[in-house]
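The values are calculated or read from the model by the stated rules, or taken from the named source; none is laboratory data. These figures come from a predicted structure and were not determined experimentally. Here Cβ is always computed from backbone atoms with ideal geometry, including for glycine, and neighbour counts include all displayed protein chains. Ligands, DNA and RNA are stripped out before the accessible areas are found, and what is left, the full protein with its side chains, is counted by its heavy atoms. Shrake-Rupley method; radii C 1.70, N 1.55, O 1.52, S 1.80 Å.
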Amino acid sequence: MKKSLEDHAARFDEQATEYDESKSDEYRACANLVIEHAAPEADDIVLDLGTGTGAIALALAPDAKRVVGRDISEGMMDEARAKADEQGLENLEFDYGTFREPEYDGAVDTESSETPRAHTRSARVDVVTSNFAMHHLSDDEKREAIDVIAALEPQKFVLGDVMFFGEPDPDAVFYSPEVDDPATVGELADAFTDAGFSLTAVERVHEQVGVLVAERMPTSPATAETGLETDE
């Protein structure tokens, strides 16, 4: 990470009120693809990391059971909370958290679910999303973050971000070398695979912007102990 968390938080606090209007077409296209690929079911819990002003979280909330947004900028999350209130959405929660320390214990009220899942698993998050946030981490930090997220055992992780399909171009409007540290698509793919995910979709929005969809099968206690798959 080229800047400290505090520096990044302060920078985004300053940008919070104008953040949405300042974004590029590539950012908006990326966000739309993240939302499309996330596609939560009515009983799903979504964890949105680097939630910012809540663009992804707010869009997914009507279709999910619960959406948990995590960010380092209180200013950005204040904007997200205000939008949720305006839209009358009550199944959202915004609080401080990072990629490597999402501050999420997975606690949910499973008794209220009308359609409980047929299998039991230790993780209590079904879909993880993130858009234009992970590129602030170094490649090693991205790997650590993906490992942390994998430990939550989500079925799906949809990552939209600045990423290199070809040669880096620091003149691109969404890439600032002094604060950003994007990875190549190959490096991200390797990190997901090493963490136990399978890459199921790659969407190129721009030579330096894309969406990766990584999925994994949930692990039941029996599967974890025996290494065998069980049929439900």
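Against the condition modelled with pLDDT under 95 and farther than 20 Å from residue 166 by Cα, how does residue 225 come out, does it pass? Even if it seems obvious, please write down each step before you answer.
Details: modelled with pLDDT under 95: yes; farther than 20 Å from residue 166 by Cα: yes.
Yes, satisfied.
Which of the residues belonging to segment 178-213 are of a type in the set (Asp, Glu) and either over 22 Å from residue 32 (Cβ atoms) or at pLDDT 95 or above (or both)?
Once the filter is applied, which keeps residues that are of a type in the set (Asp, Glu) and either over 22 Å from residue 32 (Cβ atoms) or at pLDDT 95 or above (or both), segment 178-213 yields 178, 181, 187, 190, 194, 203.
Let's see how each residue does on (1) within 17 Å of the chain's Cα centre (by Cα); (2) open to solvent by 10 Å² or more (accessible area, probe 1.4 Å):
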{"site": "139", "(1), (2)": "yes, yes"}
{"site": "146", "(1), (2)": "yes, no"}
{"site": "151", "(1), (2)": "yes, yes"}
{"site": "155", "(1), (2)": "yes, yes"}
{"site": "168", "(1), (2)": "no, yes"}
{"site": "192", "(1), (2)": "yes, no"}
{"site": "195", "(1), (2)": "yes, yes"}
{"site": "198", "(1), (2)": "yes, yes"}
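Restricting attention to segment 40-65, and to residues there that are over 13 Å from the mean Cα position of the chain (by Cα) and acidic (Asp, Glu), which single residue is nearest to residue 98 (Cα to Cα)?
Residue satisfying both the conditions and the ranking: 44.
Looking only at residues in segment 66-99 that are open to solvent by 30 Å² or more (accessible area, probe 1.4 Å) and part of a loop (DSSP other than H, G, I, E, B), which one is nearest to residue 148 (Cα to Cα)?
Result: 72.
Do the conditions hold for residue 102, that is, is it modelled with pLDDT of 95 or more, open to solvent by 10 Å² or more (accessible area, probe 1.4 Å), within 19 Å of residue 148 (Cα to Cα) and not in a strand (DSSP E or B)?
When the stated conditions are applied, residue 102 passes them.
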